[in-house]
1. How many of the residues in the stretch 301-333 are part of a strand (DSSP E or B) and at positive phi?
2. For the structure I just gave you, tell me whether residue 51 is assigned to a strand (DSSP E or B), touching a strand residue (DSSP E or B) at 6+ places or on another chain (Cβ under 8 Å) and without any contact (Cβ under 8 Å) to a residue 24 or more places away in the chain.
3. I want to confirm something. Restricting to the stretch 28-48 and keeping residues that are assigned to a loop (DSSP other than H, G, I, E, B) and under 49 Å from the mean Cα position of the chain (by Cα), which single residue is surrounded by the fewest Cβ atoms within 10 Å (Cβ to Cβ)?
4. Working only within the stretch 377-390, note down all residues that are in contact with a helix residue (DSSP H, G or I) (Cβ under 9 Å, 6 or more places away or on another chain) and within 19 Å of residue 418 (Cβ to Cβ).
5. Return only the number of the condition from (1) surrounded by 22 or more Cβ atoms within 10 Å (Cβ to Cβ); (2) at pLDDT 75 or above; (3) farther than 30 Å from residue 19 by Cβ; (4) over 15 Å from the mean Cα position of the chain (by Cα) that residue 100 does not satisfy.
6. What's the number of the only condition in (1) without any contact (Cβ under 8 Å) to a residue 60 or more places away in the chain; (2) in contact with a helix residue (DSSP H, G or I) (Cβ under 6 Å, 6 or more places away or on another chain) that residue 408 fails to meet?
7. Residues being farther than 23 Å from residue 415 by Cβ and assigned to a loop (DSSP other than H, G, I, E, B): count how many of those fall in the stretch 352-372.
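The values are calculated or read from the model by the stated rules, or taken from the named source; none is laboratory data. Given the structure is predicted, the values throughout are model-derived calculations rather than measurements. Heads up, the Cβs are rebuilt from the backbone with ideal geometry, glycines too, and the neighbour counts pull from every protein chain shown.
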């Protein structure tokens, strides 16, 4: 006896686009049909992404005889006990544009932050029905370092809070009950921020399937921030779902037969820059040796440097007399600011930090009237030749060792008592 082999027809289709190359047991380009033996188990695999020019289409799910299969599962198996039809469901990937002050050419925020707005646009969203949105911020970092799951490492602004937001649903073509739509952004609880979960979350509600064509402004969010570490650029982004799962943190949805389903999309990030504080360096030194204690707004032991904010007024005070690190006695002479000598014996100096500055406290080894860093017969001669001279004339001030305004025998005795001492030992 001869028996006819029972055969069945498998119809393979794709939605949104055709010409999709399907691989597996019955390969082909959609839409097509294949003949299968009875009870054959046929496996088919669809590509995750299909390009048509500049547009990309993302695989959503298979449908088998109108029944939805698991989202994101690109391979489907069919037992051919009858004719069957399978459809690979694709959606064109729309775009979400997040624009901050930098993107609008508004310039950086001042030091310490301030108020700024973030505009959220959608472009070319098919069957748009609403979205969940989490804004994320990363300092001087790339978007791919944003968290891809709840609890990932995110760097929110310190002290960020929402001032107001405005929805622009009337610009969504054909949206129903526009006047009833509500957009709400809420700040997460503080412990959420501390554990790195996205600091802001928003959604707006349910309306019938619509198509966004072109670039449409959906919402403007106004925030106020006081970052803990001012200076630098914060990237403003949002997580892109890697699979059509509405439980993802940020999703755009379309209303289908089984409720809201995710629409794949790409994120074009924005940014906001906080002006870095302007600082200047103050170098504080002493001559002829280091190690003298300086008091005032930027204290220290010479030689040292200090960082000052722009336009700070800084006071430095030197000791009128001091014992140096070498054990010898020194007398303060004057401050030299950027190589400009100040007033003799004026121990305090005031600087305006409009740029980097160098402040040098100039001392004199006691008895060293000619400033060669050794006390010897030459210093005695220097003072003797100026006895009863005017200390304010020329370099006569160097002969007034005790600073009493008179050059006399007391200054000679001062030199004699320090003979054979030298700077540094």
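1. Step one: filter the stretch 301-333 for residues part of a strand (DSSP E or B), giving 301, 304-309, 312-318, 321-323, 329-333.
Cutting the leftovers down to at positive phi gives us none.
Looking only at that region, the number is 0.
2. yes
3. This residue is 48.
4. Our first condition is that a residue be in contact with a helix residue (DSSP H, G or I) (Cβ under 9 Å, 6 or more places away or on another chain); within the stretch 377-390, this holds for 379-380, 382-387, 389-390.
Residues satisfying the conditions are 379, 380, 382, 383, 384, 385, 386, 387.
5. Only one criterion in (1) surrounded by 22 or more Cβ atoms within 10 Å (Cβ to Cβ); (2) at pLDDT 75 or above; (3) farther than 30 Å from residue 19 by Cβ; (4) over 15 Å from the mean Cα position of the chain (by Cα) is unmet by residue 100, namely (4).
6. (2)
7. Residues flagged as farther than 23 Å from residue 415 by Cβ and assigned to a loop (DSSP other than H, G, I, E, B) within the stretch 352-372 amount to 3.
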